[in-house]
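K.L.:
To start, I am sharing the structure in question, which I have written as structure tokens.
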Amino acid sequence: MRTKLCDILGIKFPIIQGGMAWIADATLAAAVSNAGGLGIIAAGNAPASWVREQIKFAKTLTSKPFGINIMLMSPHSAEIAKVVAEEKIAVVTTGAGDPSPYIEDWAAADVKIIPVVASVAFAKRVAKKGVTAIIAEGGEAGGHIGDLTTMVLVPQVVDAVDIPVIAAGGIGDGRGIAAAFMLGAVGVQVGTRFLVAKECNIHPNYKNKVIKANDISTIATGKRLGHPVRALKTPFTRNFFSKEYDSSVTNEELETLGAGALKLAVDGDEENGCFMAGQIAGLITKEQTAAEIIGEMFAQANAALYQVPGQARNDRSEIKKILPHREPMLVIDEAELQDGISVGKYTVRGDEFFLQGHFPGNPVVPGVILCEMMAQSSCLLVDLEKNYTPYFTGLNKIRFKNKVLPGDTITFKCELISKKQPFYFVKGSGYVNETLCVSGELSFAVL
Ligand code: TUI
């Protein structure tokens with residue numbers, strides 16, 4: 001799935017990895033870039049020398065473009081801004097402040113500038129200064145956050161500026177990507193899901209907390225200090241939250257309590273660490289490589305986008321709205337998308353043309369018809385809305401395991417493996433009462 005963002009940044013998938021302080025190092029950034037996204041090294045509160053080292057290391061790990069995130073509340077931001085220009089980094093993202101003082105130098109060094117914003121007013125202000133694109137981040141995100149949700153912020157920023165907008169905050173799977181596109185974004189920034197990337201060097205305690213989290217496992221603290229931070233509920237956040245509402249505790253005491261807590265979390269300190277994570281943590285169930293995460297998210301986004309506008313096609317007249325096949329070659333009765341899988345069903349009546357003479361007295365559905373049924377079952381994975389016609393371009397690794405007989409209902413499960421317009425690559429299998437009858441790989445050209 002390509003968008004304008006892919007062309008601007010020279011990447012395969014329109015996804016930018018979040019600039020997670022203390023977490024997003026050269027290893028994670030290179031893994032994301034090698035997987036086709038834009039990896040980001042987060043400077044956080046680290047000194048410029050650390051950032052320079054990480055840039056050098058990342059260059060040994062990937063030949064693809066990667067970026068640097070500057071957390072503008074850091075005392076080192078001005079120095080790091082210089083490093084970004086000197087090292088001619090492809091892209092800089094900024095957070096937690098106004099990057100205006102550095103924009104001219106970066107533009108002169110041909111660095112693409114993508115600030116994170118949390119309001120329309122700020123988006124308009126930076127857009128005027130000539131930045132490349134904007135990341136509109138909703139308060140569902142982890143770490144330092146603004147007030148608005150992604151759902152309301154993204155479309156309002158899209159309408160307010162005439163540069164590309166990337167959605168962030170609460171995006172953890174392909175449905176989130178699809179939703180971001182519907183809001184007018186040309187790409188997504190994802191942080192929390194990459195916390196559980198195999199290449200993410202945080203302590204296993206941190207990853208396990210994200211995996212165990214549910215929908216209400218995070219809390220935003222620090223509102224009193226003017227810079228709210230979203231993190232998982234732990235002894236640290238509970239203590240911080242109660243002190244925040246205790247008027248005998250000074251702001252300075254609160255700042256001191258927060259300082260260094262993220263680093264402690266990265267090192268696995270369950271008592272004193274501040275485990276920053278977004279509200280989408282509840283959706284995350286396992287550790288995966290960055291490539292698996294990105295591949296899975298975009299396969300699901302493709303499926304979700306083609307699911308719109310009709311979710312289930314429960315009768316033949318509905319299926320005919322998306323498939324050009326007609327009787328007697330329409331060989332599925334229903335189709336439905338379930339978690340990104342196109343599920344098709346057909347009940348064999350016994351009087352079909354394909355059973356005539358195949359074989360007399362011993363009717364069995366021909367293998368080529370099972371392949372056709374499997375292909376038609378994948379109709380919800382393929383963009384067929386505009387009177388396009390799907391043509392088979394290949395059948396691979398087809399295996400027939402059991403006969404399909406009159407009276408049987410065969411259920412096909414088809415998954416989109418990849419898509420390169422106009423070609424679609426699908427893996428499918430067909431079952432009668434959970435017994436595998438056929439499996440294989442199909443490819444189509446949709447013309
Ligand atoms: O920067 C982030 N998230 C972060 S930075 C970080 S490190 C940290 N550690 C301890 C305490 C605090 C931070 C952890 N997470 N996200 C990007 C982001 N930027 N979200 C919101 C904003 C933002 C907010 C206000 C950007 C600009 C802004 O106002 C600028 C202005 O001048 O009005």
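K.L.:
What tally of residues in the range 78-102 results from selecting those that are without any contact (Cβ under 8 Å) to a residue 40 or more places away in the chain and either assigned to a loop (DSSP other than H, G, I, E, B) or surrounded by fewer than 22 Cβ atoms within 10 Å (Cβ to Cβ) (or both)?
P.N.:
Going residue by residue through the range 78-102, those that are without any contact (Cβ under 8 Å) to a residue 40 or more places away in the chain are 78-89, 92, 94, 97-102.
This time we only want the ones that are either assigned to a loop (DSSP other than H, G, I, E, B) or surrounded by fewer than 22 Cβ atoms within 10 Å (Cβ to Cβ) (or both), so: 78-79, 82-83, 85-89, 97-101.
Selection size over the range 78-102: 14.
K.L.:
Only residues in the range 285-296 that are farther than 15 Å from GLY18 by Cα count as the first member; pair them with residues that are part of a helix (DSSP H, G or I) and among the acidic types (Asp, Glu), Cβ under 8 angstrom, at least 6 apart or cross-chain, and list the lot.
P.N.:
Close Cβ pairs satisfying both conditions: GLN288/GLU296.
K.L.:
Would the range 18-29 turn up any residue that is more than 16 Å from the ligand (Cβ to nearest atom), in a helix (DSSP H, G or I) and more than 23 Å from ALA185 (Cα to Cα)?
P.N.:
Checking the range 18-29: at least one residue is more than 16 Å from the ligand (Cβ to nearest atom), in a helix (DSSP H, G or I) and more than 23 Å from ALA185 (Cα to Cα).
K.L.:
For the range 159-231, list the helices (runs of 4 or more DSSP H) that sit wholly inside it and hold at least 1 residues that are surrounded by fewer than 16 Cβ atoms within 10 Å (Cβ to Cβ); which are they?
P.N.:
Numbers: elements: 174-182, 192-195, 204-212.
So the answer is 174-182, 204-212.
K.L.:
Can you work out which of the residues in the range 108-117 that are more than 10 Å from the ligand (Cβ to nearest atom) and not in a loop (DSSP other than H, G, I, E, B) is farthest from the chain's Cα centre (by Cα)? Please lay out each step first, then the result.
P.N.:
If we filter the range 108-117 for residues that are more than 10 Å from the ligand (Cβ to nearest atom), which is where we start, we get 108-114.
Those left that are additionally not in a loop (DSSP other than H, G, I, E, B): 108, 112-114.
Numbers: ALA108: 32, LYS112: 22, ILE113: 21, ILE114: 18 Å.
The selected residue is ALA108.
K.L.:
Let me ask something additional. Quick check on this structure: which one of GLU352, GLU334 is surrounded by fewer than 20 Cβ atoms within 10 Å (Cβ to Cβ) and in contact with a Gly (Cβ under 8 Å, 6 or more places away or on another chain)? Walk me through it before giving the result.
P.N.:
Working: GLU352 fails: in contact with a Gly (Cβ under 8 Å, 6 or more places away or on another chain).
It is GLU334.
K.L.:
Now, a different point. Is there any pair linking a residue in the range 362-385 that is free of Cβ contacts under 8 Å to residues at least 40 places away in the same chain to one that is not in a helix (DSSP H, G or I), with Cβ under 8 Å and at least six apart or on different chains, and which?
P.N.:
That search, which allows pairs on different chains as well, returns PRO366/HIS358; ILE369/VAL331.
K.L.:
Looking at the range 240-254, can you tell me whether even one residue there is within 15 Å of the ligand (Cβ to nearest atom) and not in a helix (DSSP H, G or I)?
P.N.:
No, the conditions are met nowhere in the range 240-254.
K.L.:
List the number of the failed condition for SER217; all other conditions in (1) in contact with an Asp or Glu (Cβ under 8 Å, 6 or more places away or on another chain); (2) within 29 Å of ILE171 (Cα to Cα) hold.
P.N.:
Unmet condition: (1).
K.L.:
Any idea which residue in the range 118-155 is surrounded by the most Cβ atoms within 10 Å (Cβ to Cβ), counting only those that are under 18 Å from PHE181 (Cα atoms), away from the ligand (no atom under 12 Å from the Cβ) and without any contact (Cβ under 8 Å) to a residue 40 or more places away in the chain?
P.N.:
VAL154
K.L.:
Considering only the range 70-94, state which residues are within 16 Å of the ligand (Cβ to nearest atom) and touching an Asp or Glu at 6+ places or on another chain (Cβ under 8 Å).
P.N.:
LEU72, ALA81 - these are the residues of the range 70-94 that are within 16 Å of the ligand (Cβ to nearest atom) and touching an Asp or Glu at 6+ places or on another chain (Cβ under 8 Å).
K.L.:
Which residue pairs have Cβ atoms closer than 8 Å, lie 6 or more positions apart in sequence or on different chains, and pair a first residue in the range 264-282 that is closer than 27 Å to ASP173 by Cβ with a second residue that is surrounded by fewer than 18 Cβ atoms within 10 Å (Cβ to Cβ) and among the acidic types (Asp, Glu)?
P.N.:
GLY273/ASP267; GLN279/ASP215; GLY282/ASP215
K.L.:
Here's a check for you: in the range 32-46, which residue that is near the ligand (Cβ under 10 Å from one of its atoms) and surrounded by 24 or more Cβ atoms within 10 Å (Cβ to Cβ) is nearest to the chain's Cα centre (by Cα)? Let's see the steps before the verdict.
P.N.:
Step one: of the range 32-46, the residues near the ligand (Cβ under 10 Å from one of its atoms) are 42-45.
Still in the list and also surrounded by 24 or more Cβ atoms within 10 Å (Cβ to Cβ): 42-44.
On the way: ALA42: 19, ALA43: 23, GLY44: 23 Å.
Selected residue: ALA42.
K.L.:
On the given criteria, is VAL365 in contact with a Lys or Arg (Cβ under 8 Å, 6 or more places away or on another chain), surrounded by 13 or more Cβ atoms within 10 Å (Cβ to Cβ) and among the aliphatic types (A, V, I, L, M)?
P.N.:
For VAL365, the condition - in contact with a Lys or Arg (Cβ under 8 Å, 6 or more places away or on another chain), surrounded by 13 or more Cβ atoms within 10 Å (Cβ to Cβ) and among the aliphatic types (A, V, I, L, M) - is met.
K.L.:
Now for a separate question. Taking the stated definitions as given, is GLY10 within 22 Å of the chain's Cα centre (by Cα) and surrounded by 24 or more Cβ atoms within 10 Å (Cβ to Cβ)? I'd like the intermediate steps shown before the answer.
P.N.:
Working: within 22 Å of the chain's Cα centre (by Cα): yes; surrounded by 24 or more Cβ atoms within 10 Å (Cβ to Cβ): no.
No.
Read-outs: derived from the displayed coordinates by stated rules, not from any lab. Only a predicted model underlies this, so the values are computations on that prediction, with no experimental measurement involved. Every residue, glycine as well, gets a Cβ built from its backbone with ideal geometry; the counts of neighbours run over all protein chains shown.
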